[in-house]
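To start, the structure under review is shown below, and the notes come after it.
The values are calculated or read from the model by the stated rules, or taken from the named source; none is laboratory data. Worth saying up front: this structure is predicted, and the values here are computed from it rather than measured. No Cβ is skipped: glycine too gets one built from the backbone with ideal geometry, and neighbour counts run over all protein chains shown. Only protein heavy atoms, including side chains, enter the accessible area calculation; ligands, DNA and RNA are left aside. Shrake-Rupley method; radii C 1.70, N 1.55, O 1.52, S 1.80 Å.
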Amino acid sequence: MKTESKLEKILAAGHLAVTSECGPPRGALPDQVREKAAYLKGVVDAINVTDNQTAMVRMSSLAASTIIKQEGLNPVLQVVSRDRNRLAIQADIIGAYALGIDTMLCLSGDHTKFGDHPMAMNVHDIDSMQMIQMVRDMRDKEIFQGGAKLKGAPKMFIGAAANPFADPFELRVLRLEKKINAGVDFIQTQCIFNVEKFERWMEGVRARGLHKKCYILAGVTPCKSLGAARYMSNRVPGMDVPKDIIERMSSVPKEKQADEGVDICIETIKRLKKVEGVAGFHIMAIEWEEKVEEICERAGLLPRPQI
Amino acid sequence: MKKFEPVIVAFCCHYCAYTAADMAGSQRLPYPANVKIIRVPCSGKVDALHIIKAFENGADGVYVAGCLEGDCHFKNGNEKAARRIDYVKKYLEEIGIESERLTMVTMSAGMGYRFAQTATEITEKIRKLGPSPIKTAITQ
Amino acid sequence: MITAERKPLEELIDYVKPFKRILLLGCNECVTVCAAGGRKEVGLLASGLQMALLKSGSNIEIKQHTLERQCDPEYVEELVPMIDGSEAILSMACGCGVQQLATRFKDKPVFPALNTQFMGASERQGVWAERCQGCGDCVLGITGGICPIARCAKQLMNGPCGGSTGGKCEVSEDVDCVWQLIWDRLKSLGQEDRYVDIMPAKDWRSGGGSGPRKIIREDLAE
Ligand code: SF4
Ligand code: SF4
C-alpha cells in the first residue's frame, strides 16, 4: 500500500470502489458543502472536490475538501494546472496532506474561455502529466519538483482523468499509458454514455495490460432532463452522448425524464460491471447529489465495504 | 449659399467600366459632369491609399467600377476590389466619413447605359448626403 | 515574423492631439509583410489621422518616414537630422522598434501605433497565425515540427486533452487541435514512439521565467 487513502484500501482489497463529486459553492457558504456531503455519507468511498470547475471561481478545492474531511468523509482533492504554477500546487498538496487529505486528482482543467473570467491568464506551468510525475516524486522520492529534498512527504494516492471519447481515439490508450508511466494510481473516466466505444477503449487498455497497472473507475452521470442530455452532447467538449440516449430521454414526458436519466445511469453501471478492468465507478451527479444513494442502491453498490 | 455640386471620383477598370464609359459617350448618353473618371488597369489595382487620398483631397464620393462577377480580365481583381472596399469603408467610419460615400459597382464593356445610369444614381446619392465632412472641415 | 495590427484611430488621436508636428514612422520589416506598419500603412494612417483631426478642427503636421528597421540602432540613427522637426514620434513598428526609439531619443515622446501580436507565419494571403512563443528551448525536434507551446490553448506538453474533437481544439472550431496535428505528423514520419516518452516539466528560465532575456555573442559583441 502506497498511502493511507481509503480509496486505495478499498481498491486494493478488490472491491468495486465508488466515488462521487461535489462542486464547491460560489461563495463563502461552508454549510452548502456540508449539505452536499451529507447526501453522500455512507454511500460512496470518496468524494471528488472540483477545482474551479468549468473555469468558474468557487470556494477552493482545498478548503472544501477540508470541510468534507471534518465531516468524516474522504475528499479527493482535484487540482487543475490552469490556475496555479508548480510552487502553488506543491504548497497546496503539502497543506492538504497536513490537513489529512490523502487522495488527489491531477487535471489540466477547462480553458478559461468557458468560465466567468475569460480574460484571465491560463497558467499551465506544468500539464496534468507532469503534475502526476511531480506528486509521485514528492511522495516516493521525497523531493520537490525543483529537486530539493522535502521533509514530511505527502503520501498522496494519485488520480487522473481519462477521456475515451475524445479524439484521436487511437491516442487515448497511449495517453493513459503515459499517465501510468508518470505515476498515476487510479483513473476516473469521462462520463460514459457510449458504452460500446468505452468497451472498445477498454479492449485497447487490456491489450496493453494497463488495467493491471492502475485502477480504472468508470465515470457515469445521470441526465436530469432531455435538455441536459442535449447540452452535454452539443456543448461540452469531448462528451459523447449517442443519439439513442437522446431519443430515449425524449420518448418520455418531461416530468418522467429525471427518472429515465437515473434508469439509464443504473443500466450503464450494471453493464459496465461486466467489463473486465473496471475497478469501480465515479458517479458525477452534478447539482444532484441527493440521487447518488438511490443510484448506488439500485445498481447494487450498497452497502459500502467497511475497511 | 451656392448650390452643392458633389465631386465624385470613379476608378474605372480599363477592360469593362472604362470601355462602358466610352460607349456611353459614343452613344451620347448623358451622365453628370461631377464624375471624374480615373482609368485603372484593373479594379483590383485600386489601393486603399488611392481611395483615402481622394477623400483627403476633397472628394465627396468615390466609387470603383470593375467587371461583372466572373468576368475580370485578371481573373479575380474585381473580387479583391470588393473586399478592399469593405475594408476601407470601416476605416472611413473610424475617420468619421460616412461609409456610404464609397461604393463598388460592376458592369461589362458593352453597358454604356448602365455606366451613365450608375454615374447619375451615385451623384444623386452623394448630393443628398451633402458635402464630405472633410471638405467642410477644409473650407472652414 | 512579428505580427501586429493598427490600434484604433481614436486611441492614436488621443496620443498625438497635444502636438503640432509629429513624425509618423514605419518599419520595412515584419510589419510591412503583415501589412500593418510599412510605407503604405504609414501613408494610410497619415491621411486618416489628418482627416479625423481636421474634422475636430485641429491640425497637425505629420511627417512620414519609413526606416529599413526600427529595431536596429544603425537605422534609427538616420533620424537624427530630421528628428528636431517633430515634437513626438508615432511609431508603426512592433514594440521592439518603439522602444528602440524611446531609448535613442530621450526627450521625445514616442507612441505605439500598433498592437504587437505574436510570432507567426502566413497561412495564406492576408492570414497570419501564431507559431512560436520563443520558449528558448525548442522542442520541435520531438513534436514533428509542430509547436505545442504556441499552438495548444493549454500549452500541454503531453496532450491532447480530453476536449480534442474531430481535429479541432476545445476552445474553438476555428482552431486546429495541435496535438492532433502533431500525432498525424509523427505517424506520417513513422515516429509514433516519440509520443510515448513523457515530456518533462519545462524549465521556463529560457522562456523568460528568469527575467528579460539577452543574447550576447562574444565574437560579435563590441
Ligand atoms: S518549442 Fe519553443 S522555440 Fe520551438 S516553436 Fe515552440 S515556442 Fe518556439
Ligand atoms: S484540444 Fe488540443 S490544442 Fe486544444 S487545448 Fe486540448 S490538446 Fe490543446
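Is it the case, given these coordinates, that residue A:161 is within 24 Å of residue A:18 (Cα to Cα), outside any loop (DSSP other than H, G, I, E, B) and open to solvent by 30 Å² or more (accessible area, probe 1.4 Å)? Here the answer is yes, as residue A:161 does meet what is asked. Can we say residue C:211 is away from ligand 2 (no atom under 16 Å from the Cβ), under 23 Å from the mean Cα position of the chain (by Cα) and either closer than 28 Å to residue A:240 by Cα or assigned to a loop (DSSP other than H, G, I, E, B) (or both)? Yes; evaluated as a whole, the condition is true for this residue.
When the stretch C:121-152 is filtered for residues that are open to solvent by less than 40 Å² (accessible area, probe 1.4 Å) and within 16 Å of ligand 2 (Cβ to nearest atom), the ones remaining, listed by number, are C:129, C:135, C:139, C:143, C:144, C:146, C:147, C:148, C:149, C:150, C:152. Residues in the stretch A:181-209 that are surrounded by fewer than 20 Cβ atoms within 10 Å (Cβ to Cβ) and under 24 Å from residue C:182 (Cβ atoms): A:181, A:197, A:200, A:204, A:207, A:208. The selection criterion, being out of contact with any strand residue (DSSP E or B) (no Cβ under 7 Å at 6 or more places or on another chain), closer than 19 Å to residue C:43 by Cα and in a loop (DSSP other than H, G, I, E, B), holds for residue B:58. Residues of the stretch B:66-80 include at least one that is of a type in the set (A, V, I, L, M), more than 21 Å from residue C:35 (Cα to Cα) and either assigned to a helix (DSSP H, G or I) or away from chain C (no Cβ under 14 Å) (or both). Within the stretch C:46-55, being more than 8 Å from chain B (Cβ to nearest Cβ) and without any contact (Cβ under 8 Å) to a residue 24 or more places away in the chain holds for one residue alone: C:46.
The strands (runs of 3 or more DSSP E) found wholly in the stretch C:1-81 and carrying at least 2 residues that are surrounded by fewer than 20 Cβ atoms within 10 Å (Cβ to Cβ) and at pLDDT 95 or above occupy C:61-67. Residues in the stretch A:260-275 include none that are among the charged types (D, E, K, R), in contact with a strand residue (DSSP E or B) (Cβ under 7 Å, 6 or more places away or on another chain) and crowded, with 18+ Cβ neighbours inside 10 Å. Considering only the stretch C:141-160, I want to know if a residue exists there that is touching a residue at least 40 places away in the same chain (Cβ under 8 Å) and more than 19 Å from residue A:130 (Cβ to Cβ). Yes, the stretch C:141-160 contains a residue that is touching a residue at least 40 places away in the same chain (Cβ under 8 Å) and more than 19 Å from residue A:130 (Cβ to Cβ). For beta carbons closer than 9 Å, sequence separation of 6+ or different chains, a first residue in the stretch C:1-16 that is more than 10 Å from chain B (Cβ to nearest Cβ) and a second that is crowded, with 17+ Cβ neighbours inside 10 Å and of a type in the set (Asp, Glu), the qualifying pairs are C:1/C:29; C:2/C:29.
Of all residue pairs spaced 6 or more apart or on separate chains, those with beta-carbon atoms under 6 Å, a first member in the stretch A:17-45 that is in a loop (DSSP other than H, G, I, E, B) and a second member that is among the hydroxyl-bearing types (Ser, Thr, Tyr) are A:23/A:50; A:44/A:19; A:44/A:20.
When residue C:196 is tested against the conditions (1) more than 16 Å from ligand 2 (Cβ to nearest atom); (2) within 14 Å of chain A (Cβ to nearest Cβ); (3) open to solvent by 60 Å² or more (accessible area, probe 1.4 Å), the lone failure is (3). Checking each residue in the stretch A:174-203 for being within 11 Å of chain C (Cβ to nearest Cβ) and of a type in the set (Val, Ile, Thr) picks out A:180, A:189.
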